[in-house]
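A.B. asks: Take a look at this one; I'll ask things after.
The values are calculated or read from the model by the stated rules, or taken from the named source; none is laboratory data. Here the structure is a predicted model, which is why all the values come from computation and not from measurement. Neighbour counts are summed over all protein chains in view; Cβ atoms, including those assigned to glycine, are modelled from backbone coordinates with ideal geometry. In case anyone asks, the SASA skips ligands and DNA or RNA and just uses the protein heavy atoms, side chains included. Shrake-Rupley method; radii C 1.70, N 1.55, O 1.52, S 1.80 Å.
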Amino acid sequence: MSYQPTLFEEKAAEPLAARLRPRDLSEFCGQEHLLGEKKVLRRIIESDAVGSMIFWGPPGVGKTTLARIIANKTKARFIDFSAVTSGIKEIKQVMEQAETARRFGEKTILFVDEIHRFNKAQQDAFLPYVERGSIILIGATTENPSFEVNGALLSRCKVFVLQALRTEDIIRLLRHALTDKRGFGDQQVEISDETVAMIANFANGDARSALTTLEMAVLNGDMDEHGKITVSRETVEECTSKKSLLYDKNGEEHYNLISALHKSMRNSDPDAAVYWLARMLEAGEDPVYIARRVTRFASEDVGLADPQALTVCISAFEACRLIGMPECSVHLTEAVVYLSLAPKSNALYTAYEWAKRDALTMLSEPVPLVIRNAPTKLMKELDYGKGYEYAHDSADKLTSMQCLPDSLAGKEYYRPTEEGKEARFKARLEEIKEWKKRHTK
């Protein structure tokens with residue numbers, strides 16, 4: 001006779017987050033902008049008027065839970081589909097079943113978890129069935145659907161953005177877990193408000209992470225002879241060991257954080273810049289990647305206002321390549337603080353962008369003959385290099401020779417600012433232009 005687990009053992013084996021999964025909207029926590037009274041998503045669910053939609057948000061904010069609430073509420077067939085374990089063969093089988101059901105007047109709602117994991121061919125397999133109304137597609141993704149979902153499919157779905165839960169939402173959720181019989185309501189658990197808040201802050205907006213941490217802390221708490229479990233701050237610290245950072249090196253948060261670093265340096269805020277740097281490095285970002293972006297910033301946002309900025313950043317880049325983490329963190333910090341405090345000029349960036357625009361739209365403009373090289377007799381006969389003036393032969397090391405094509409003569413791309421050392425470059429450029437005006441024939 002095989003061993004059969006007891007009901008208690010089955011319940012205990014199920015994670016706390018699964019046991020406490022909300023069964024309806026009254027138990028759902030957070031997302032008031034979508035699920036508050038008379039808000040659009042709440043009205044859609046309560047009226048069973050669900051159309052194709054995508055839930056986009058960070059982990060642990062209720063994407064799958066909302067899909068299950070819809071499953072409990074709807075009169076349609078509800079199919080739970082995982083992008084991790086399913087391929088095109090499974091998609092087609094489900095689609096055929098949905099098409100058959102449609103002919104008999106039955107709707108099918110297909111929930112696809114982690115839809116961003118499907119490739120283009122797999123996503124394309126859904127499209128004709130969504131168009132025909134054979135299925136109502138509900139996708140869930142942690143990635144920006146603009147990048148990860150086919151445009152044709154995305155255009156047929158309403159995107160709902162779910163936000164990371166607020167700390168007060170998670171505290172309320174944790175307190176519910178301690179009193180609900182599906183959680184620890186049948187046990188005596190003593191935990192301070194401060195420790196609950198600590199768990200909530202650690203979760204970083206992720207309800208599932210918060211409940212998992214609470215469960216670990218309760219299971220590792222100190223139990224007295226009466227069965228009371230005390231969860232201390234030290235217990236929680238032992239269970240978490242280190243705060244996990246909300247970061248995906250290949251996802252949107254990757255770009256959000258590097259953007260935050262750039263904009264903090266551009267805004268001359270070294271404290272914010274060092275914080276975002278630390279966020280990326282401690283989450284495992286490649287320091288060489290950060291060094292490349294910081295080096296770009298040196299020329300794009302500082303430029304000739306402080307030419308030394310590029311030297312500092314190249315040195316930090318080399319340090320990252322040669323030394324690596326954790327030692328190179330201080331070299332990147334030096335570069336980031338230097339750039340934050342340096343005078344700012346984007347004159348080099350804008351100069352190139354203006355020149356690029358003309359270069360792309362005027363590709364046929366010929367190089368003036370005067371500045372063409374003439375290595376052959378034929379080229380000399382065609383006036384290549386005729387009239388060329390060698391600047392070093394001039395007393396002022398300047399000539400009035402025109403180097404731009406005739407159609408662009410007089411164009412100004414580099415427009416220096418008065419910031420830092422660039423003021424000197426500006427003064428020098430004005431001297432050069434004034435000299436050329438006086439000497440132009």
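A.B. asks: Would you please list the contacts, defined by Cβ atoms under 6 Å and residues six or more apart or on different chains, that run from a residue in region 65-89 that is assigned to a helix (DSSP H, G or I) to a residue that is modelled with pLDDT under 85 and of a type in the set (G, A, S)?
C.D. replies: What qualifies is I88/A125.
A.B. asks: If I filter region 14-34 down to residues being free of Cβ contacts under 8 Å to residues at least 12 places away in the same chain and more than 16 Å from R208 (Cα to Cα), which single residue comes out as surrounded by the most Cβ atoms within 10 Å (Cβ to Cβ)? Write out each step before concluding.
C.D. replies: First, pick out the residues of region 14-34 that are free of Cβ contacts under 8 Å to residues at least 12 places away in the same chain: 14, 18, 26-27, 32.
Filter again for more than 16 Å from R208 (Cα to Cα), leaving 26, 32.
Details: S26: 7, E32: 14.
Here the answer is E32.
A.B. asks: Separate question: Would you please list the contacts, defined by Cβ atoms under 9 Å and residues six or more apart or on different chains, that run from a residue in region 414-429 that is closer than 23 Å to D396 by Cα and free of Cβ contacts under 8 Å to residues at least 60 places away in the same chain to a residue that is open to solvent by 50 Å² or more (accessible area, probe 1.4 Å) and among the aromatic types (F, W, Y)?
C.D. replies: L429/Y414
A.B. asks: Failed condition for P128, given (1) of a type outside the set (G, A, S); (2) surrounded by 15 or more Cβ atoms within 10 Å (Cβ to Cβ); (3) within 19 Å of F81 (Cα to Cα), with all others met?
C.D. replies: (2)
A.B. asks: Tally the residues that are part of a helix (DSSP H, G or I) and open to solvent by less than 100 Å² (accessible area, probe 1.4 Å), restricting the search to region 378-394. I'd like the intermediate steps shown before the answer.
C.D. replies: So the first thing to find is which residues in region 378-394 are part of a helix (DSSP H, G or I), and the list is 378-381, 391-393.
In the following step, the residues that additionally are open to solvent by less than 100 Å² (accessible area, probe 1.4 Å) were identified as 379, 391.
Number of matching residues: 2.
A.B. asks: Picking from A152, A101, A140, which residue would you name as being of a type in the set (G, A, S) and under 19 Å from G60 (Cβ atoms)? Please lay out each step first, then the result.
C.D. replies: Details: A152 fails: under 19 Å from G60 (Cβ atoms); A101 fails: under 19 Å from G60 (Cβ atoms).
Only one candidate qualifies: A140.
A.B. asks: Identify all residues within region 272-304 that are in a helix (DSSP H, G or I) and on the phi > 0 side of the Ramachandran plot; write none if there are none. Break it down stepwise before answering.
C.D. replies: In the first step, residues of region 272-304 are kept if they are in a helix (DSSP H, G or I); the result is 272-282, 287-304.
Within region 272-304, G303 is the sole residue that qualifies.
A.B. asks: Then there's this: Can you report the number of residues in region 230-271 which are of a type in the set (S, T, N, Q), outside any helix (DSSP H, G or I) and at pLDDT below 80?
C.D. replies: Applying the first criterion (of a type in the set (S, T, N, Q)) to region 230-271 yields 230, 232, 235, 240-241, 244, 250, 256, 259, 264, 267-268.
Filter once more, so that each one left must be outside any helix (DSSP H, G or I): 230, 232, 241, 244, 250, 267-268.
This time we only want the ones that are at pLDDT below 80, so: 241, 244, 250.
Of the residues in that region, 3 qualify.
A.B. asks: Separate question: Among the candidates P366, P405, P375, single out the residue that is loosely packed, with under 12 Cβ neighbours inside 10 Å and in contact with a Pro (Cβ under 8 Å, 6 or more places away or on another chain).
C.D. replies: Numbers: P405 fails: loosely packed, with under 12 Cβ neighbours inside 10 Å; P375 fails: in contact with a Pro (Cβ under 8 Å, 6 or more places away or on another chain).
Just one listed residue meets the conditions, P366.
A.B. asks: Among (1) in contact with a strand residue (DSSP E or B) (Cβ under 7 Å, 6 or more places away or on another chain); (2) modelled with pLDDT of 85 or more, where does A98 come up short?
C.D. replies: Checking A98 against (1) in contact with a strand residue (DSSP E or B) (Cβ under 7 Å, 6 or more places away or on another chain); (2) modelled with pLDDT of 85 or more, the one that fails is (2).
A.B. asks: So which residues in region 273-304 are hydrophobic (A, V, I, L, M, F, W, C), over 18 Å from the mean Cα position of the chain (by Cα) and open to solvent by 20 Å² or more (accessible area, probe 1.4 Å), if there are any at all?
C.D. replies: Passing the criteria: V274, V288, L304.
A.B. asks: Need at least 3 residues that are modelled with pLDDT under 90 and farther than 28 Å from L404 by Cβ per element, so show me which helices (runs of 4 or more DSSP H) inside region 305-371 make the cut, counting only ones lying wholly within it. Please lay out each step first, then the result.
C.D. replies: Numbers: elements: 308-323, 329-341, 347-361.
Answer list for region 305-371: 308-323.
A.B. asks: Next question. Between T417, T399, T333, T350, which is under 30 Å from D306 (Cα atoms), more than 43 Å from the chain's Cα centre (by Cα) and surrounded by 15 or more Cβ atoms within 10 Å (Cβ to Cβ)?
C.D. replies: Numbers: T417 fails: more than 43 Å from the chain's Cα centre (by Cα); T333 fails: more than 43 Å from the chain's Cα centre (by Cα); T350 fails: more than 43 Å from the chain's Cα centre (by Cα).
Going through T417, T399, T333, T350 in turn, just one is under 30 Å from D306 (Cα atoms), more than 43 Å from the chain's Cα centre (by Cα) and surrounded by 15 or more Cβ atoms within 10 Å (Cβ to Cβ): T399.
A.B. asks: Take L137 and decide whether it is surrounded by 18 or more Cβ atoms within 10 Å (Cβ to Cβ), within 22 Å of R77 (Cα to Cα) and at pLDDT 85 or above.
C.D. replies: Values: surrounded by 18 or more Cβ atoms within 10 Å (Cβ to Cβ): yes; within 22 Å of R77 (Cα to Cα): yes; at pLDDT 85 or above: yes.
Spelling it out, L137 is indeed surrounded by 18 or more Cβ atoms within 10 Å (Cβ to Cβ), within 22 Å of R77 (Cα to Cα) and at pLDDT 85 or above.
A.B. asks: Just one of (1) surrounded by fewer than 18 Cβ atoms within 10 Å (Cβ to Cβ); (2) within 25 Å of G30 (Cα to Cα) trips up A203, so point out which.
C.D. replies: Only one criterion in (1) surrounded by fewer than 18 Cβ atoms within 10 Å (Cβ to Cβ); (2) within 25 Å of G30 (Cα to Cα) is unmet by A203, namely (1).
Rundown of residues vs (1) touching a strand residue (DSSP E or B) at 6+ places or on another chain (Cβ under 6 Å); (2) free of Cβ contacts under 8 Å to residues at least 24 places away in the same chain; (3) among the hydroxyl-bearing types (S, T, Y), yes/no style:
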position: H116; (1), (2), (3): yes, no, no
position: Y129; (1), (2), (3): no, no, yes
position: G133; (1), (2), (3): no, no, no
position: A140; (1), (2), (3): yes, no, no
position: F147; (1), (2), (3): no, no, no
position: L153; (1), (2), (3): no, no, no
position: A164; (1), (2), (3): no, no, no
position: D169; (1), (2), (3): no, no, no
